[in-house]
Amino acid sequence: MKLNIFEEMKKYGHEQVIFNYDKKTGLKCIISIHDTTLGPALGGCRMWNYPSEDEAFIDALRLAMGMTYKCAVSGFDNGGGKAVIIGDPKKDKTEGLFRAFGRYVESLNGRFYTGTDMGTFGEDFVYSFKETDCLVGLPEEYGGSGNTAVTTAFGVWRGIKATAKELYGDDSLTGVKISVQGVGKVGYNLLKFLTEEQADVTITDIYRESVEKALEDYPGIKAVEPEKIFDVECDIFSPCALGGILNDDTIKRLKCKAVAGSANNQLAESKHGDLLHEKGILYAPDFVINSGGLIQVADELEGFNKDRVMAKTAAIYDILTEIYKISKQNNISTHKAANKLAEERIEVIGEIQRTYIPDRG
Ligand code: NAD
């Protein structure tokens, strides 16, 4: 590894990073725990064919940090964590791999709860469930709340509406041009909400079959090649694939008025949040607009109630409206405004927990 591990941990403010390798199954996994001020770390497990271990490590760090902010802004008493498995999600999944993963999660003794993310499904963790119960988002028949992608997509749709309201003073999406990058679990589910409102939708995906399925199921939408999505003239660009896609190269190309999508860590660096602000492109901070999935799985830890989950997810609309207001009032980027909300909550709740309470048990 070329990176300086502790320097990177210091840069992002991490508590703990665990490298897990299982020689029999070939599991290579990094579990990253960012900040547990509010409670046990919570965050999904991503499986991706990372071009290098450095990239997997940085992805784990950045994703875990995002979870700290997401938990804080959504009002949960959880910290941020994330796991990444290095491997091809289409080819490398085995029972052994996910059981080995489960054992490493169990070894953390409740410091880390995990579930699905890009490249993984609830069914994968049914194997892990044989080794640990520190899991959320399992299929319903295994006692979990099921696929989070639908709730996440619902929250993204609510966020897109709040963004349209901020842009145009009206939250109707009829005729609003929306381009969606990635029609996987979240992007595909988002299409239903957008087409029901007769938005003018353009999609892309690196998997041709995913594009074809979307075009077949939603005949009114259009598709472009993956590289072209940044050049599509639209009202709202909705990134629902990988992170880091808002960077020096792509921001120059964007022909949209706003960015509002599910992908985690959309900003390559936090300076890109400022760049969008300077260019007058309204950015819905990723960890706010995509918090529906977190709201669903964190609710499992409090005793799952679907109505409560949907009500809290719908309220992403209000949280984003508040963030847009803070951004305008202070002339700061929406990214910084969202961070401010999260950091204030972590600080206050962290401080009140300093009061000593005797154990009288
Ligand atoms: P997924 O793996 O099901 O879908 C991602 C899709 O993006 C895939 O179809 C993939 O082929 C496509 N893709 C990858 N690179 C691409 C590129 N360069 N151009 C176009 N398409 C590309 O994952 P998902 O669960 O839908 O998650 C999508 C994003 O949303 C991820 O960043 C994830 O971390 C985030 N997110 C997901 C959830 C959830 O509940 N699933 C919750 C919050 C955030």
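Test of understanding: among Lys325, Lys306, Lys271, Lys340, which residue is surrounded by fewer than 22 Cβ atoms within 10 Å (Cβ to Cβ) and not assigned by TED's automatic domain parsing to the domain that holds Gly159?
Lys340
Can you confirm whether Gly243 is outside any strand (DSSP E or B) and within 14 Å of the ligand (Cβ to nearest atom)?
yes
Looking at this structure, is Gly220 away from the ligand (no atom under 15 Å from the Cβ), modelled with pLDDT under 95 and over 20 Å from the mean Cα position of the chain (by Cα)?
Criteria met by Gly220.
Can you name the condition, by its number, that Ile18 falls short on among (1) assigned to a strand (DSSP E or B); (2) free of Cβ contacts under 8 Å to residues at least 24 places away in the same chain?
(2)
Search the stretch 302-314 for residues that are among the polar types (S, T, N, Q) and pair each with any residue that is modelled with pLDDT of 95 or more when their beta-carbon atoms are under 6 Å apart and the residues are at least 6 apart or on different chains.
That search, which allows pairs on different chains as well, returns Thr313/Thr151; Thr313/Phe154; Thr313/Gly155; Thr313/Gly292; Thr313/Ile295.
Please identify the pairs in which a residue from the stretch 271-299 that is free of Cβ contacts under 8 Å to residues at least 60 places away in the same chain has its Cβ atom under 7 Å from the Cβ atom of a residue that is among the basic types (Lys, Arg), counting only partners at least 6 apart or on another chain.
Cβ pairs passing all conditions: Ile281/Lys257.
Does Leu190 satisfy the criteria of being within 16 Å of the ligand (Cβ to nearest atom) and outside any loop (DSSP other than H, G, I, E, B)?
yes
Taking the condition under 20 Å from the mean Cα position of the chain (by Cα) and either among the aliphatic types (A, V, I, L, M) or modelled with pLDDT under 95 (or both), does Val186 pass?
Against the criterion (under 20 Å from the mean Cα position of the chain (by Cα) and either among the aliphatic types (A, V, I, L, M) or modelled with pLDDT under 95 (or both)), Val186 qualifies.
Can you say whether Ile357 is free of Cβ contacts under 8 Å to residues at least 40 places away in the same chain, in a helix (DSSP H, G or I) and either of a type in the set (Val, Ile, Thr) or buried (at least 18 other Cβ atoms within 10 Å of the Cβ) (or both), as far as the supplied structure shows?
The answer is no for Ile357.
Given the condition in contact (Cβ under 8 Å) with a residue 40 or more places away in the chain, among the hydroxyl-bearing types (Ser, Thr, Tyr), in a loop (DSSP other than H, G, I, E, B) and not assigned by TED's automatic domain parsing to the domain that holds Ile245, answer yes or no: does some residue in the stretch 30-38 qualify?
yes
Does the stretch 264-300 hold any residues that are part of a loop (DSSP other than H, G, I, E, B) and not charged (D, E, K, R), and which are they?
Passing the criteria: Asn264, Asn265, Gln266, Ala268, Ser270, Gly280, Ile281, Ala284, Pro285, Asn290, Ser291.
Output yes when any residue across the stretch 162-184 is touching a Pro at 6+ places or on another chain (Cβ under 8 Å), near the ligand (Cβ under 10 Å from one of its atoms) and of a type in the set (S, T, N, Q), and no when none is.
Looking through the stretch 162-184, at least one residue is touching a Pro at 6+ places or on another chain (Cβ under 8 Å), near the ligand (Cβ under 10 Å from one of its atoms) and of a type in the set (S, T, N, Q).
Inside the stretch 145-183, can you point out the residues that are in a loop (DSSP other than H, G, I, E, B), modelled with pLDDT of 95 or more and more than 20 Å from Ile245 (Cα to Cα)?
Those that are in a loop (DSSP other than H, G, I, E, B), modelled with pLDDT of 95 or more and more than 20 Å from Ile245 (Cα to Cα): Gly169, Asp170, Asp171, Ser172, Leu173, Thr174, Gly175, Val176.
What tally of residues in the stretch 106-137 results from selecting those that are assigned to a loop (DSSP other than H, G, I, E, B), away from the ligand (no atom under 12 Å from the Cβ) and of a type in the set (Asp, Glu)?
First, pick out the residues of the stretch 106-137 that are assigned to a loop (DSSP other than H, G, I, E, B): 107-111, 115, 117-123, 129-134, 136-137.
Next cut, away from the ligand (no atom under 12 Å from the Cβ) only: 107-111, 123, 129-134.
Pick out the ones that are also of a type in the set (Asp, Glu) and you get 123, 131, 133.
Matching residues across the stretch 106-137 total 3.
The values are calculated or read from the model by the stated rules, or taken from the named source; none is laboratory data. All values reported here derive from a predicted model rather than from experimental measurement. Cβ atoms come from the backbone with ideal geometry, glycine included; neighbour counts cover every protein chain shown.
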